[in-house]
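Note sheet for the following structure.
The values are calculated or read from the model by the stated rules, or taken from the named source; none is laboratory data. Fair warning: this is a prediction, and the values are worked out from it, not measured in the lab. When we count neighbours, we look across all protein chains shown, and the Cβ atoms used for this are built from the backbone with ideal geometry, even at glycine. Accessible surface areas use protein heavy atoms only, side chains included; no ligands, DNA or RNA. Shrake-Rupley method; radii C 1.70, N 1.55, O 1.52, S 1.80 Å.
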Amino acid sequence: MLDFFASWLTATWSIVFSSAPYLLLGFFVAGLISQFLPLTLIEKRLAQPGATSVFWATVFGLPLPLCSCSVIPVGTALRQKGASRGATAAFLISTPEIGVDSFILSLGLLGLPLTLIRVVAAFCTAFVVGFFIDKTSEANVTRSGPGVDADPACCEGHLGKSKLKVLEQPLLVQAISANFSSRLFSAFRYGFIDLPKDLFKVLAVGFVLAGLFSVLVPDDFFLGFSNVLAVLLMLALSFPLYVCATSATPLAAVLLAKGLPPAAVIVFLLAGPASNITTMGAVRKFLGKKALLLYLIGVSTMTLITASIVGSFFDLKIPHLLSTDREIHHH
């Protein structure tokens, strides 16, 4: 038993150590975004229905460091302030699927090819789903009124409110008189104090699970799975789960290192963060039942298309994690 816990601790520490530089860089860039990306710019671009607003919602959502639960109050606030239905849906998809912090971490743990696929797939999924939702019309859909808060069980509940507060600071929208040094200080504070504090629980769970999988799952465990079976299994598991893009990345890296097909890994990284019970409730309330159906069908379809492309053309590995696993088992 002591040997097992020692191996678990060693595996977890190895993954944390490998992830730390990328996490720190991601937190720093996220802090800069929190202070220098004006919310008014986002609001102006999302008001008019059509492909243009959906495009900008997708673009603005990609770098924001919001998880699958904390994006909900931000997305509903944008909707209440005039964002179109399609733009709101696109924002709710692109934001949690990838952010600047998870992008940098993914680059370090999963490699450039899979990271780029993750970004492109997140963009395409958000844009396509948002575009089709914008093309539908639905009466009696809520636009104003109380927003939807993050689920208390997800991201420690307060995460959505705290990040929405950061995004709405006057410093972001109009404080011309604020000097650069004070804004930079605020960026450091948000990036290295507020954001890590908010993400600590989900990151810790992600790293602990990654270390546990590294020890318990044999190196060839997933080799007997066909691409189709693995993809369908991960799709079925991803939808009901609360998955944060950042904390899911080390777990995805370990699964890939254990032989899970890259197509199934990309399904886990895309479908999980974009869909959970709370998100579905927010989409239904603010965008309508038809939009919710399009949302679920669109996310599933685009994710499966991406998985099909990855399964057909890519054979991706993570040499450093594989070698780490071998060293742990050897000792």
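Check PHE222, PHE286, PHE268 and return the single one that is open to solvent by less than 10 Å² (accessible area, probe 1.4 Å), aromatic (Phe, Trp, Tyr), outside any loop (DSSP other than H, G, I, E, B) and touching a residue at least 12 places away in the same chain (Cβ under 8 Å).
PHE286
Hey, any hits in the range 65-75 for a residue that's of a type in the set (A, V, I, L, M) and closer than 18 Å to VAL310 by Cβ?
No.
So, of the residues in the range 259-277 that are modelled with pLDDT under 85 and not β-branched (Val, Ile, Thr), which turns out to be farthest from the chain's Cα centre (by Cα)?
GLY259
Given the criteria β-branched (Val, Ile, Thr) and modelled with pLDDT of 85 or more, does VAL54 qualify?
yes
Return only the number of the condition from (1) part of a helix (DSSP H, G or I); (2) more than 29 Å from ALA210 (Cβ to Cβ) that GLN48 does not satisfy.
(1)
Could you please let me know if SER34 is assigned to a helix (DSSP H, G or I) and at pLDDT 75 or above?
So SER34 fails the test.
Pick from the range 20-33 the residues that are among the small types (Gly, Ala, Ser) and closer than 17 Å to ASP198 by Cβ: which of them is surrounded by the most Cβ atoms within 10 Å (Cβ to Cβ)?
The qualifying residue surrounded by the most Cβ atoms within 10 Å (Cβ to Cβ) is ALA30.
Taking the range 109-133 on its own, how many of its residues are under 13 Å from VAL310 (Cα atoms), touching a residue at least 60 places away in the same chain (Cβ under 8 Å) and not basic (Lys, Arg)?
4
Can you go through PHE221, PHE185, PHE200 and tell me which one is more than 19 Å from LEU107 (Cα to Cα), of a type in the set (Phe, Trp, Tyr) and within 16 Å of the chain's Cα centre (by Cα)?
PHE200
Can you tell me which of THR246, THR279 is within 26 Å of GLY311 (Cβ to Cβ), open to solvent by less than 50 Å² (accessible area, probe 1.4 Å), among the β-branched types (Val, Ile, Thr) and assigned to a helix (DSSP H, G or I)?
Criteria check complete, one pass: THR246.
How about the range 100-213: which helices (runs of 4 or more DSSP H) wholly inside it have at least 1 residues that are out of contact with any Cys (no Cβ under 9 Å at 6 or more places or on another chain) and at pLDDT 75 or above?
100-110, 112-134, 180-189
For LEU232, only one of the following conditions fails: (1) over 21 Å from the mean Cα position of the chain (by Cα); (2) open to solvent by 50 Å² or more (accessible area, probe 1.4 Å). What is its number?
Of (1) over 21 Å from the mean Cα position of the chain (by Cα); (2) open to solvent by 50 Å² or more (accessible area, probe 1.4 Å), only one is false for LEU232: (1).
Condition check ((1) at positive phi; (2) of a type outside the set (A, V, I, L, M, F, W, C); (3) without any contact (Cβ under 8 Å) to a residue 60 or more places away in the chain; (4) crowded, with 24+ Cβ neighbours inside 10 Å) across all residues:
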| residue | (1), (2), (3), (4) |
| --- | --- |
| GLY50 | yes, yes, no, no |
| GLN80 | no, yes, no, no |
| SER94 | no, yes, yes, yes |
| LEU107 | no, no, no, no |
